[in-house]
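Read the structure below first, then the notes.
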Amino acid sequence: MTMPTLNRNKLSMDYLRNFILWSAVLISAIAVVYANHLCREKYSELSYLEKDGMNLDINYGRLLLEYSAWGSMHRVEKIARENQKMVIPQSPDIIAVDQNRLEIN
């Protein structure tokens, strides 16, 4: 009588062990699929951010060109002549001042 009980216990332990192992395999497979999904999602986000960063670099380059155009010496002289009626002084109009001889009141 003890033999069938021993076989039944061993059989139920084998089923339990197999169930635990298959559950671990299934959980591992689901974890791999989920990790793969997250990896693809993050790569897609990275691609989008890299594209956005390249667009920002292009716009920054355009901004630098615009700043250099607005601040060019030729443009500043032209606006000074047209709007402020300024002129470049002639040689007789230029006076050199010696800083050592200045008197402060």
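Test residue 69 against the stated conditions and say whether it is at pLDDT 95 or above, part of a helix (DSSP H, G or I) and among the small types (Gly, Ala, Ser).
On the way: at pLDDT 95 or above: no; part of a helix (DSSP H, G or I): yes; among the small types (Gly, Ala, Ser): yes.
In short, no.
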Review point. Out of all the residues in the range 72-79, is one or more among the small types (Gly, Ala, Ser) and in a loop (DSSP other than H, G, I, E, B)?
Key: yes
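Is it the case that residue 86 is surrounded by 10 or more Cβ atoms within 10 Å (Cβ to Cβ), not in a helix (DSSP H, G or I) and not acidic (Asp, Glu)? Lay out the reasoning, then the answer.
On the way: surrounded by 10 or more Cβ atoms within 10 Å (Cβ to Cβ): yes; not in a helix (DSSP H, G or I): yes; not acidic (Asp, Glu): yes.
Spelling it out, residue 86 is indeed surrounded by 10 or more Cβ atoms within 10 Å (Cβ to Cβ), not in a helix (DSSP H, G or I) and not acidic (Asp, Glu).
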Review point. Do the conditions hold for residue 76, that is, is it under 48 Å from the mean Cα position of the chain (by Cα) and either of a type in the set (Val, Ile, Thr) or loosely packed, with under 10 Cβ neighbours inside 10 Å (or both)?
Key: yes
Review point. Residue 102 versus (1) at pLDDT 95 or above; (2) exposed (fewer than 10 other Cβ atoms within 10 Å of the Cβ): which is the lone unmet condition?
Key: (1)
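The values are calculated or read from the model by the stated rules, or taken from the named source; none is laboratory data. Since the model is a prediction, treat every value here as computed from it, not as a measurement. Note that we place each Cβ from the backbone using ideal geometry, even for glycine, and neighbour counts take in every protein chain shown.
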